[in-house]
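Report on the following structure.
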Amino acid sequence: MSKLGNLGARLHRGEISYDFIGKRKIWYGVSILITITAIVGLVVRGLNMGIDFQGGAVFTTPTSMSVSVAQAEGFAHEASGHEAVVQKLGNGSLRIQIAGIDTGKADDIKETLAKDLRIDPEKLNADLVGPSWGEQIANKAWEGLAIFMVLVVIYLAIAFEWRMAVAALVALIHDITITVGIYALVGFEVTPGTVIGLLTILGYSLYDTVVVFDSLKEQTKDITKQTRFTYSDIANQSINGTLVRSINTTVVALLPVAGLLFIGGGFLGAGTLNDISLSLFVGLAAGAYSSIFIATPLVADLKEREPAMKALRKRVLAKRAQAAAGDDSGESGPAGDTYEAASAVVGPRDQSAARNRGRGRPSGKRR
């Protein structure tokens, strides 16, 4: 068995455990810091909205152009007064995209640009894009996002409980905020592909969260009938039991997206891939993080406020204190109660050692 597989099996069996819930204030602080950074980047720099949202013109040159991309960007800026995005296509032609210009001035820009590029204006193809189409896309995206959020809350409230629905909603908002903030900081162009990517990551983020919630729901049945574990203890077990699974699914999803972003968009210069690949990459990573470090700890915080969970915590802590006092004094109550209280503190490996302690020793008095 591989090391990662062995680690996953040991986490699932409870042989080892990382205290995610106990350190939740650290994760909350990290998340708040990242979110504030994203919001500041969004406010200060803003989003680089593409031509589909701002409107503008797209000019396509004939094939086999001797003009470089940098030169074409300079010519387009001089002709329009706006920043231009220039891409070299596979047939050697250039695609010059100028956003935010008045479409009524497109003909003048076309004449000036054709003169600078030293080509016939008739051979410079021009496509005009109105801002109304981009506005419709944005409105539909907001509507889809709102409907998705409402359906998620309703489903989780019915399938699990309202506290899990609230925690999942907070995690989704966290993921979207970070992804949009990264876009603002990096300066990548926001296109309809970006919107599609944002809507796609919500499903991935929710999947990781529901996997942990399902395990948590299963393990907390009749939780008040025992005195070994608090709700937070079982929540921590649920995270550890599904940790390797969450890591594996996230890595498998991130690898092809990383190929699109870093190889396709970076090395090969396919800038059209950046819009959707960046949103997917950041969103997938943020979704895996939020399901482990935000959603489940937040559920534990909300549940621990219930009177029944508060009473359970008092009973568990009292029994653990009794077990610790019995170990120190060498006295204890009934054997079953002592073992149950001690097993809440030590791990299964220690329990096994406790059971085997004394085996192989001769009975009776030593002569």
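The values are calculated or read from the model by the stated rules, or taken from the named source; none is laboratory data. None of the values given here were measured: they were computed from a predicted structure. Using ideal geometry, Cβ is built from the backbone for each residue, glycine included, and neighbour counts are taken over all protein chains shown. Only protein heavy atoms, including side chains, enter the accessible area calculation; ligands, DNA and RNA are left aside. Shrake-Rupley method; radii C 1.70, N 1.55, O 1.52, S 1.80 Å.
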Among the residues of the stretch 203-223, what is the count of those that are assigned to a helix (DSSP H, G or I), touching a helix residue (DSSP H, G or I) at 6+ places or on another chain (Cβ under 7 Å) and of a type outside the set (Phe, Trp, Tyr)? 10
What is the one condition in (1) under 20 Å from GLY187 (Cα atoms); (2) at pLDDT 85 or above that ASN48 does not satisfy? (2)
Top-ranked residue in the stretch 28-67 [being of a type in the set (S, T, N, Q) and under 30 Å from GLY104 (Cβ atoms); ranked as farthest from the chain's Cα centre (by Cα)]: THR63
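Please count how many residues of the stretch 69-103 are farther than 12 Å from ASP116 by Cα and either charged (D, E, K, R) or in contact (Cβ under 8 Å) with a residue 40 or more places away in the chain (or both).
So the answer is 12.
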Looking only at the stretch 142-150, decide whether some residue is open to solvent by less than 20 Å² (accessible area, probe 1.4 Å) and touching a Leu at 6+ places or on another chain (Cβ under 8 Å). no
One residue is enough: does the stretch 103-110 have a residue meeting the conditions out of contact with any helix residue (DSSP H, G or I) (no Cβ under 7 Å at 6 or more places or on another chain), in a helix (DSSP H, G or I) and either at pLDDT 85 or above or β-branched (Val, Ile, Thr) (or both)? yes
Residues located in the stretch 276-331, provided they are acidic (Asp, Glu), outside any loop (DSSP other than H, G, I, E, B) and either open to solvent by less than 50 Å² (accessible area, probe 1.4 Å) or modelled with pLDDT of 90 or more (or both): ASP301
Every residue from the stretch 118-174 that is closer than 21 Å to GLY50 by Cβ and under 20 Å from the mean Cα position of the chain (by Cα): ALA141, TRP142, GLY144, LEU145
Take the residues in the stretch 74-90 that are part of a helix (DSSP H, G or I) and of a type outside the set (Gly, Ala, Ser); name whichever of them is most open to solvent (accessible area, probe 1.4 Å). GLU78
Is it true that ILE196 is under 26 Å from ASN248 (Cβ atoms) and open to solvent by 80 Å² or more (accessible area, probe 1.4 Å)? yes
Can you tell me how many residues in the stretch 199-225 are more than 16 Å from the chain's Cα centre (by Cα), open to solvent by 40 Å² or more (accessible area, probe 1.4 Å) and of a type in the set (S, T, N, Q)? 2
